[in-house]
Amino acid sequence: MRRKTVVIKLGSSSILSESTLEPKIRIMSSIVEAVSQLRQNGHRVVLVCSGAIGLGRIRMNIKTKPKNLGERQALAALGQLRLMTLWDNLFGMLGINIAQVLLTRSDLADSPRYVNARTTLDTLLMDNFYAVPIVNENDTVSVFEMRFGDNDSLSAITAGIIDADYLFLCTDVDGLYTDNPRTRPDAHRLHVVRNMDEARKATCVKTMGSSFGTGGMQTKLVAAELAMAAGVATVILNGAHPENIVRIVEQDIVAQASSRSDMQLVDPPCTLFLPQRQRLPAQKWQILHAMHPCGALIIDRGAYERISRKESGGRLLPAGVVGVEGNWERLQAVRLKVRQGQNEDDASEAPTSFEVGRALANYTSIECERIKGLQSSQIADVIGAMDTMYITDHIVLSLPSAAT
């Protein structure tokens, strides 16, 4: 079996007990043993682990979730050190080095920093380092507008960045059920998901998560959709039995499920989301999912029709831009919106716009504001120089519903 890259996501409720308000040392130790076994079998492993704010609350004896941003950031600062100390002690017993990687949306908002994050993770996983990166959102400095919001999405983005083979989303049930199995005995587990739209129709996932966590099954569906688009197989399983992660990787259930339409995942129980057969190209996936859009370019209907044609090459001239929203620097991601015309019978009706995709901006928002609607030959006269005749030449249309 070839070497695989595995991302394991652990929520706060997976490693912290709501009843005793203490870390679940047995579960954490089992995770360490599972990671060690995967590494012995030649695989590379990344952990995405929540819990910093929860450990901070335990340290400060705070029973309820903090609502104030400053309190959350302070508790994260208190808890992050304890979280990494716990992991370092447990992994250290087996001689495994760990590395802390804290990310925010702004770290991935432009191409250079995105590449830096990828390079760091890839280097840590190389044979000369062969560490276990432990990724978490940098809650100590994140602001609301630039947060991932939950580590399910962060784990999917991490899996996409490093071209992972598997993403494991550990939760407190055995997979994705048609309804809450605790309150609805007739709910049944989905075994293999090939189409996300069908899975959403078949399930009811309105859950609020635990008192420590921020997500529920809905956030896991979003994460699975992001990972599927990146060509990553996603597995939802019970985090109380991390040894099952090793079994699933060694059984290579993706190959089995791909060849059998009726496969039942009973031993171990889980839900498998098969990756898309045609993996979204890395740069397109990056623009759609990893890079936070800093604003929007608003284009007219004619420009949209032109860039929708395959022969356009995804390039947009300034003449087709009618509006600019937000502030950004060059090579940052922006939303692409199409303006719907005003009602000719009602001049007071304001025009509206709707999103049709994402793009990388070749010019800053200020420069875009100045050159919108102009011919490319006028760019140099207006802003003093012309690096390219296109306002963007990296466009991804038909935005999937899971993009945020």
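The values are calculated or read from the model by the stated rules, or taken from the named source; none is laboratory data. Just so you know, these numbers come straight off a predicted model, no measurement behind them. So basically every Cβ, Gly included, is an ideal-geometry build from the backbone, and we count neighbours across all protein chains shown. The accessibility values were calculated without ligands, DNA or RNA, using every heavy atom of the protein model including side chains. Shrake-Rupley method; radii C 1.70, N 1.55, O 1.52, S 1.80 Å.
Being surrounded by 16 or more Cβ atoms within 10 Å (Cβ to Cβ) and within 24 Å of Asp139 (Cα to Cα): is that true of Val48 here? Criteria met by Val48. The one condition from (1) within 30 Å of Thr119 (Cβ to Cβ); (2) touching a Leu at 6+ places or on another chain (Cβ under 7 Å) that Arg57 does not meet is (1).
Among the helices (runs of 4 or more DSSP H) contained in region 231-300, which hold 1 or more residues that are β-branched (Val, Ile, Thr) and surrounded by 15 or more Cβ atoms within 10 Å (Cβ to Cβ)?
Answer list for region 231-300: 243-251, 253-259.
Checked against (1) open to solvent by less than 10 Å² (accessible area, probe 1.4 Å); (2) more than 18 Å from the chain's Cα centre (by Cα), Ser155 passes all but a single condition, namely (2).
Against the conditions (1) farther than 22 Å from Gln100 by Cα; (2) open to solvent by 50 Å² or more (accessible area, probe 1.4 Å), where does Gln37 fall short? Just the number, please. Every listed condition holds for Gln37 apart from (1). Looking at Leu288, is it closer than 30 Å to Arg200 by Cα and at pLDDT below 95? For Leu288, the condition - closer than 30 Å to Arg200 by Cα and at pLDDT below 95 - is met. When residues in region 324-337 are screened for being more than 22 Å from Gln286 (Cβ to Cβ) and at pLDDT below 95, 0 of them pass. Within region 166-175, identify whether any single residue is surrounded by fewer than 17 Cβ atoms within 10 Å (Cβ to Cβ), part of a loop (DSSP other than H, G, I, E, B) and in the same structural domain as Leu10 (by the TED database), and answer yes or no. Scanning region 166-175, I find at least one residue that is surrounded by fewer than 17 Cβ atoms within 10 Å (Cβ to Cβ), part of a loop (DSSP other than H, G, I, E, B) and in the same structural domain as Leu10 (by the TED database), so the answer is yes. Of the candidates Leu274, Leu237, Leu265, the single residue that is touching a Lys or Arg at 6+ places or on another chain (Cβ under 6 Å) and farther than 29 Å from Asn362 by Cα is Leu274. The number of residues in region 107-132 that are in contact (Cβ under 8 Å) with a residue 12 or more places away in the chain, outside any helix (DSSP H, G or I) and over 22 Å from Asn151 (Cα atoms) comes to 2. Here Arg194 fulfils each of the conditions (1) farther than 19 Å from Lys4 by Cβ; (2) modelled with pLDDT of 85 or more; (3) crowded, with 24+ Cβ neighbours inside 10 Å apart from (3). Looking at Val356, Val322, just one residue is surrounded by 16 or more Cβ atoms within 10 Å (Cβ to Cβ), out of contact with any helix residue (DSSP H, G or I) (no Cβ under 8 Å at 6 or more places or on another chain) and not in a loop (DSSP other than H, G, I, E, B), and that residue is Val322. Residue pairs whose Cβ atoms lie under 7 Å apart, separated by 6 or more positions or on different chains, with the first residue in region 257-274 and of a type in the set (Gly, Ala, Ser) and the second open to solvent by 10 Å² or more (accessible area, probe 1.4 Å), are Ala257/Val192; Ala257/Met263; Ala257/Leu274; Ser258/Leu274. Within region 2-26, residues that are without any contact (Cβ under 8 Å) to a residue 12 or more places away in the chain and farther than 15 Å from Met84 by Cα sit with their Cβ atoms under 8 Å from residues that are assigned to a strand (DSSP E or B) and open to solvent by 10 Å² or more (accessible area, probe 1.4 Å), at 6+ positions apart or across chains, in these pairs: Ser17/Pro23. Taking the criterion of being touching a helix residue (DSSP H, G or I) at 6+ places or on another chain (Cβ under 7 Å) and surrounded by 21 or more Cβ atoms within 10 Å (Cβ to Cβ), the residues of region 73-98 that qualify are Leu75, Ala76, Gly79, Gln80, Leu83, Phe91.
Of all residues in region 91-106, those that are outside the structural domain of Gln332 (by the TED database) have Cβ atoms under 6 Å from Cβ atoms of residues that are acidic (Asp, Glu) and surrounded by fewer than 19 Cβ atoms within 10 Å (Cβ to Cβ), 6 or more apart or on another chain, in Ile98/Asp88.
To keep it simple, each residue is scored yes or no on (1) over 17 Å from Asn238 (Cβ atoms); (2) of a type outside the set (Gly, Ala, Ser); (3) assigned to a loop (DSSP other than H, G, I, E, B).
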| residue | (1), (2), (3) |
| --- | --- |
| Lys9 | no, yes, no |
| Glu18 | no, yes, yes |
| Gln37 | yes, yes, no |
| Pro66 | yes, yes, yes |
